[in-house]
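Okay, so here's the structure we're looking at.
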Amino acid sequence: MLDILQSIIPTALFYSAPLIFTALGGVFSERSGVVNIGLEGLMVMGAFVGIVFNLTFSDVLGVWTPWISIIVAMVVSAIFSIIHAVASVSFHASQVVSGVAINMLALGIGVYLTKQWYGKGQTDMVDQPFYTTNIPILSDIPIIGSIFFEGIYITSYIAIAFAFIAWFVLYRTPFGLRLRAVGEHPMAADTNGINVPRMRYIAVILSGALGGIGGSVFALTIASNFSHSTIVGQGFMALAAVIFGKWHPLGAMGAALFFGFAQSLSVIGSSIPLFENVPQIFLLIAPYVLTILALAGFIGRAQAPKANGVPYIKGSR
């Protein structure tokens, strides 16, 4: 049993980290009243930038390359998300259409530039990805240490820490109160002196930054290169985690951990007695089926922020 847990938990955490980062971005955006279907595209942009930066500067930056790569990916994806903010907040365009456009645009840019710069449909493999590590002291704890703190990616625990930070920001700071106010009742927030468009811009840009981190972490831990198939549905899983988690940072983290576990089954399922006779194809499609079930409300109805998806036009009712 211990051996099974040692194989399941680190792998589930490994697959969950990109989903947690991206889902937290979705929570910020949707709590402000802006639906962000474009999480997939933001992850694609983060993955592309993270890989290209890593390949370009690995000789110069050495072991710091993956860390600086995710920071650069975060910044570029945050800037890229401004397109969604301008369309949704300033021009009151359909937030769903704008998000879909972000997905298509990011993939188009990534694939086109990859072919232009590398002469093929995918980049080279990175020289400086993230590696598994043992957390000092904690990995020496009997039983628990070998399960949770041995052979893990540090990005997994950073993602979990980010979830608690996001919870604190949203529910324990004036900024979080203002953000939630513009997502629930923007007119009342405006009447009380809160700049609704500015808060929504900030939230969408935060979602871009976190989506960029999620995409780059996925690329630098799981894929190690970039192609058209590097990010295939992870952004939509993150969106499902937002809904499954009832638009709450810790709920989204829990949902992302659940989806990460589902993804891990495709890798380690055959080594678990319970799943050893399950055809591999079923294990491969499990995370996508669970995503559909979550979005369909199978786990219970979730109440979105009241103004989510509704453009705010000052002076209108």
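What the table below lists for this structure:
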{"quantity": "Residue match in the range 243-262 (condition: more than 30 Å from LYS314 (Cα to Cα), out of contact with any His (no Cβ under 9 Å at 6 or more places or on another chain) and assigned to a loop (DSSP other than H, G, I, E, B))", "calculated": "yes"}
{"quantity": "Inter-residue pairs, beta-carbon under 8 Å, first assigned to a strand (DSSP E or B) and in the range 221-233, second of a type outside the set (A, V, I, L, M) and buried (at least 19 other Cβ atoms within 10 Å of the Cβ), 6+ apart", "calculated": "SER227/THR114; SER227/THR123"}
{"quantity": "Near pairs, Cβ below 8 angstrom, 6+ apart or cross-chain, from the range 265-276 (in a helix (DSSP H, G or I)) to any residue that is of a type in the set (Phe, Trp, Tyr) and surrounded by 14 or more Cβ atoms within 10 Å (Cβ to Cβ)", "calculated": "LEU265/PHE275; GLY269/PHE275"}
{"quantity": "Given (1) modelled with pLDDT of 95 or more; (2) over 26 Å from GLY46 (Cβ atoms), number of the condition MET199 does not satisfy", "calculated": "(2)"}
{"quantity": "Filtered residue count, the range 147-177, keeping only those that are among the hydroxyl-bearing types (Ser, Thr, Tyr) and surrounded by 19 or more Cβ atoms within 10 Å (Cβ to Cβ)", "calculated": "3"}
{"quantity": "ILE292 being assigned to a helix (DSSP H, G or I), without any contact (Cβ under 8 Å) to a residue 60 or more places away in the chain, over 13 Å from GLY26 (Cβ atoms) and within 20 Å of the chain's Cα centre (by Cα)", "calculated": "yes"}
{"quantity": "Among the candidates LEU61, LEU107, residue that is of a type outside the set (Phe, Trp, Tyr), modelled with pLDDT under 95, surrounded by 14 or more Cβ atoms within 10 Å (Cβ to Cβ) and over 17 Å from GLU30 (Cα atoms)", "calculated": "LEU61"}
{"quantity": "Options VAL89, VAL75; residue that is of a type in the set (A, V, I, L, M, F, W, C), in contact (Cβ under 8 Å) with a residue 60 or more places away in the chain and surrounded by fewer than 17 Cβ atoms within 10 Å (Cβ to Cβ)", "calculated": "VAL75"}
{"quantity": "Some residue of the range 260-273 being surrounded by 14 or more Cβ atoms within 10 Å (Cβ to Cβ) and at pLDDT 90 or above", "calculated": "yes"}
{"quantity": "Selected residue [in contact (Cβ under 8 Å) with a residue 40 or more places away in the chain and in a helix (DSSP H, G or I)] from PHE175, PHE236", "calculated": "PHE236"}
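The values are calculated or read from the model by the stated rules, or taken from the named source; none is laboratory data. Every value quoted in this text rests on a predicted model; they were computed, and no experiment measured them. Positions of Cβ are generated from backbone atoms using ideal geometry, with glycine treated the same way; all protein chains shown enter the neighbour counts.
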